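Below is one structure, written out as structure tokens, with a few remarks after it.
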Amino acid sequence: MVSEIRDERVRSVSRLSRLLSRPELGAAAGTVLVFVFFAITAGSTGLFSAKGIVNFLEVSAQLGILAAPVALLMIAGEFDLSVGSMIGFAGILIAIPAVFWGWPIWLSLLFTFAVCGGIGALNGLAVVRTGLPSFIVTLGSLFMLRGLTLGLTRGISGRTQVSGVHELAQNDPLNSLFSGQVFPGLIARLADIGLIGKRADGLPSISGIPVSIVWWIVLTLACTWLLTRSRFGNWIFAAGGEANAARNLGVPVARTKITLFVMTALAAALFAAIQVLVTGSADTLRGTQKEFEAIIAVVIGGTLLTGGYGSAIGAMFGALIFGVVQMGIFYTGIDTDWFKLFMGAMMVIAVLFNSYVRNRAMRSR
Amino acid sequence: MFSLAKLIKPALGLMAGFTMMAAATSLAAADETRVVFVTHGQSGDPYWSVVKNGMDDAAKTLGVKAEYLAPETFDMAKMGQMIDAIAASKPDGMVVSIPDAAALSAPVKNAIAAGIPVIVIDSGGSKLTHDLGGLLFMGQDEFQAGVMAGERIKALGLTKAVCANHEVGNSSLDDRCAGFAKGLGVDVPVMNGVIDPTEMKNRVIAYMTAHADTQFILAVGASGAEPTLAALDEMGLSGKVKTGTFDLSPTILQAVVAGKMEWGIDAQQYAMGYIPVAMFDLWKKYKIMPIADYPTGPGFVTKDTAASVIELSKQGKR
């Protein structure tokens, strides 16, 4: 019987140990740890009310939108330190044409995505053509983009903040794609049956789920599919594992990396679009330090700094841990002067726990 | 593929361009008044952006040459070196801010000893300015402005307040919070915030959830005030929980007009940029200099006056 003949080159691995060797396992365990910690220290203060959950998910979602493509890029063995500056730059590219030149919002958005994608391609080209470390190339872009942002904004507006986007975006066809709330009807019904609390004026405590959370989930799933189910995903792992060997096998390493730089730049533009349309303003300082936060989320998520190993789902957990720790401390009542100490310690503990779980899982194979 | 020669050529061209530009500026007419600002405020900061606009407008109107310099981070050692370097280039007047007297007193004193007239703006205060031999101090005493804000809130009968600081570690923002507590006469907790507007907004929501008895939120700058307004809106507390802020922006002024915000405190920092340029021009031409300090703030912009300055705020003058 054919089905009983087994290929001796393929090792049989049980479903459980296959699950245990996934890169995101440690991050998932770290997430559970962080949630347990806050359930004990801040469980009764509203952190886990509907309002509290949306509160930390919104912070996680914005970071997660950046972290998913950054994870792919880091698996391919490269860094993009320009994403934070790109957020500030993209925000200004959206706001200035809309506020000062009377462009419709949808047109400024398309323009912004095109320009940012182009700069991402330039980053990628500079990395693969010069052979310089991407750390250095994108560190250069980090400063150049901030300078360009400031120079353009002050030159055109005489200020460093451009507000007034809300009024212009109200009837724009793309507005609700970036700044709206989804499932308002469901939320209202849940509030009616008492599952979601109400505000003093009788409205539900949340009016819906911010659309950024949907973006986060969709983007993470898309990146996961790309990484694990597509040929492009294999190229990413190959490029980050051993680029020369990959090239010899016919993997287009340069093209793969450039594509990934375009993706991180577009994610930064998406982040900016969401923030500009939600807040109604753009600011030259937006996105400061986001490049590091994205890398932290990706590393907490189990991706190796050296490339070749990692996942997009892990980055999602990393962003979730970051968001929960960021917001959770406010509910615990700890003096906020100690905020950064606490946050740093939580991060290190989460990563340590994460790698402990992963090592245990790997050994058990 | 990549060739070094290809990269070097444009780089050399660029450098030659810069050198020519520098040479051209140094050949400018010697009788033109030259004023240099060395401050701790990056021009990317919305507050300092207005100072720089004041300086630029004065320079254009009066035909004076004015330059604006600031270290790219809050680095007092570097700012001291910049003051030394500018002093060596012998400008007709130097405008400095002194956020750290210990680190900057010596360079400022040396510049004055070398015969350069100095006006101090924004940080440093009157006493330090005159001790060092500066001509005069222009600006807003942040602590005193905070005290006045606190007194106004006390007059409304509110006692439970919080100071939402979006940039912890900046001493002038600390002064604003501390002055506010003094004026209100009770302890005021400081909520540590961030520049990122989403995180700032959500932190205010978290703080208000955990401290629901808070009656007043003081923001210490536009980057904290706009997310605070959004947070109160989202919680349905807009207008119920009172709020006020230091500094102005179009969004803040609209909120003041709509009654969502009590007031914005205007340091009128445009004057800190404009007037020193004019003063040094008069000083160079006619040896005229005002004999007293010039306090520019605090100016409280309230519901009655906010509408009239929105357009000016959009232009970066208020």
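What the table below lists for this structure:
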{"quantity": "Dmax and Rg, reported as Rg then Dmax, of the stretch B:172-241 (C-alpha, Å)", "calculated": "11.8, 32"}
{"quantity": "Solvent-accessible area per residue for the stretch A:48-112 (1.4 angstrom probe, square angstrom)", "calculated": "21"}
{"quantity": "Cα→Cβ-extended label distance, 7 Å offset, between A:Glu8 and A:Asp337, nm", "calculated": "7.1"}
{"quantity": "Dipole moment magnitude, nearest 20 debye, the protein assembly as shown about Cα centre, only Lys, Arg, Asp, Glu C-beta charged", "calculated": "1920"}
{"quantity": "Dimensionless Rg/Rh of chain A - Kirkwood Rh, Rg from C-alpha atoms", "calculated": "1.00"}
{"quantity": "Helix axis angle, B:4-26 relative to chain B longest principal axis, alpha carbon, degrees", "calculated": "90"}
{"quantity": "A:Met144-B:Asn110 FRET efficiency (beta carbon distance; Förster radius 22 Å; 0.05 resolution)", "calculated": "0.05"}
{"quantity": "Backbone HN-Hα couplings from phi across the stretch B:270-287 [Karplus 6.51/-1.76/1.60, Hz, Gly and Pro as x]", "calculated": "4, 5, 5, x, 6, 5, x, 5, 5, 4, 5, 5, 5, 4, 5, 7, 10, 6"}
{"quantity": "Estimated 222 nm signal from helices in the protein assembly as shown, with DSSP H stretches of n ≥ 4 weighted -39500 (n - 2.57), rounded to 500", "calculated": "-20500 deg cm²/dmol"}
{"quantity": "Rounded to 10°, Cα long-axis angle of helix B:197-210 versus longest principal axis of chain B", "calculated": "30"}
{"quantity": "Between B and A, accessible area buried - total, square angstrom, nearest 100, 1.4 angstrom probe", "calculated": "3200"}
{"quantity": "Rounded FRET efficiency, nearest 0.05, which uses the C-beta distance separating B:Ala292 from A:Leu177 and R0 of 35 Å", "calculated": "0.05"}
{"quantity": "Residue list for the stretch B:283-298, given a label point 7 angstrom along the Cα-to-Cβ vector of B:His130 and an amide N cut-off under 20 Å", "calculated": "B:288-298"}
{"quantity": "Area projected by the alpha carbon convex hull of chain B, averaged over all directions, nm²", "calculated": "20.5"}
{"quantity": "Whole-percent carbon and sulfur share, accessible surface of the protein assembly as shown, 1.4 Å", "calculated": "64"}
{"quantity": "Accessible area of B:Thr198 in the full protein assembly, 1.4 Å probe (Å², nearest 10)", "calculated": "10"}
{"quantity": "Charge dipole magnitude, Cβ of K and R +1, D and E -1 - the stretch A:1-149, Cα centre, debye nearest 20", "calculated": "140"}
{"quantity": "Where no second cysteine Cβ lies under 4.7 Å, the cysteines concerned in the protein assembly as shown", "calculated": "A:Cys116, A:Cys223"}
{"quantity": "Equivalent ellipsoid, the protein assembly as shown (semi-axes from 5 times Cα gyration tensor eigenvalues, Å)", "calculated": "47, 34, 22"}
{"quantity": "Residues in the stretch B:123-160 reached by a label modelled at B:Thr302 [backbone nitrogen below 19 Å; 7 Å Cα→Cβ]", "calculated": "B:145-159"}
{"quantity": "Peptide-level mean, for B:222-231, of C-beta atoms on other protein chains within 10 Å", "calculated": "2"}
{"quantity": "Approximate spin-label separation B:Glu67-A:Ala222, in nm, with each point projected 7 Å along Cα-to-Cβ", "calculated": "4.8"}
{"quantity": "Inter-centroid distance (Cα atoms) of the stretch B:123-175 relative to the stretch A:179-245, Å", "calculated": "43"}
{"quantity": "Kyte-Doolittle mean at least -0.5, axial Cα span of 20 Å or more - DSSP H helices of chain A", "calculated": "A:24-42, A:50-75, A:83-100, A:105-130, A:134-157, A:211-229, A:253-279, A:312-332, A:339-363"}
{"quantity": "P(r) tail fraction, the stretch A:240-365 - alpha-carbon pairs more than 19 Å apart, %", "calculated": "63"}
{"quantity": "Share, in percent, of DSSP beta bridges within the protein assembly as shown that are antiparallel, nearest 5", "calculated": "20"}
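The values are calculated or read from the model by the stated rules, or taken from the named source; none is laboratory data. Just so it is clear, the structure is predicted and the values come from calculations on it, not from any experiment. Counting neighbours? That spans all protein chains shown, and the Cβs are built from the backbone with ideal geometry, glycine included. Just so you know, the surface numbers come from the protein's heavy atoms only, side chains and all, with ligands and any DNA or RNA stripped out. Shrake-Rupley method; radii C 1.70, N 1.55, O 1.52, S 1.80 Å.
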